[in-house]
Every structure is written in structure tokens, then in C-alpha cells.
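What follows is calculated from the coordinates using simple rules that are stated; it is not laboratory data. Please read all numbers here as calculations on a predicted model, not as lab measurements. So basically every Cβ, Gly included, is an ideal-geometry build from the backbone, and we count neighbours across all protein chains shown.
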Amino acid sequence: MNPWLMLTVAIAAELCATTALKFSDGFTRLGPSSLVVAGYIISFYLLSQVLKTLEVGIVYAIWSGAGLAIIALIGVVFLGESVSLYKIAGLIAILVGVLLLNLAGTAH
């Protein structure tokens, strides 16, 4: 499987796991708790496969940066969490950092 596709699926699995974590009520609800465990297992397994071919710095920057930005959006849009200029500025800074790491990784 294409490593970029695996990374995308790893991010999606991590997002599902993190969102389920919010609903697990401290791991007291079986359904969401099971999704947390399964999501993180899938995500870390796929990350381990991606790291066979791509650089760890770039992979982790994309995985964590995209995950952070998307989970913040999920929190605001679906979970009623607050939004502020500081949060938006922080997310933009993270995305710019991920972009710069990718550009640095392609410059040889």
C-alpha cells in the first residue's frame, strides 16, 4: 500500500480514537473505550509501516500536525468547544511548521 495513503488512514484512525476518548467517560463506557483502543492500535501499526519508507520527522509532523488541526476543528464544530484568535493562530503556526518540514525534507 502507498505510504501516503497509509499515513492518511493512520491519521483518520487516530482522529476516531481521540474523538471516542472524549465519549469514553474515563474508560467507563465499553463502546467508545473499544474504539479508542482499536483506533490507536490501527494508527500506530500503520505509522510503523509508513516509517519503513518515509522520514520520521516528516511523518510525525504530518501525523501530529494534521491530527491536532482536525481534532481542534472537530471539537469546535461537533463538540461545542470554544474558538479564539489564539487557537486559530496556533493552528496556523503548526500547519506552517508542517509545511516547512515537508519542504526541508524534499530539498536535497
(message) So if I restrict to the alpha-carbon atoms in the chain, what is the Rg, and what is Dmax, the biggest pairwise distance, in Å?
(response) 15.2, 50
(request) Per DSSP H run of at least 4 residues, take -39500 (n - 2.57); add these up for the chain, divide by its residues and hand me the 222 nm value, nearest 500 deg cm²/dmol. (result) -28000 deg cm²/dmol
(message) Given R₀ = 22 Å, what would the calculated FRET efficiency be for residue 81 paired with residue 34, taking r from the Cβ atoms and rounding to 0.05?
(response) 0.35
(message) Based on alpha-carbon centroids, what's the gap between region 37-54 and region 66-104 in Å, whole number please?
(response) 22
(request) Could you give the DSSP H helices of the chain that reach 18 angstrom or more along their long axis (alpha carbon positions) and whose average Kyte-Doolittle hydropathy is no lower than 1.6? (result) 56-78, 85-106
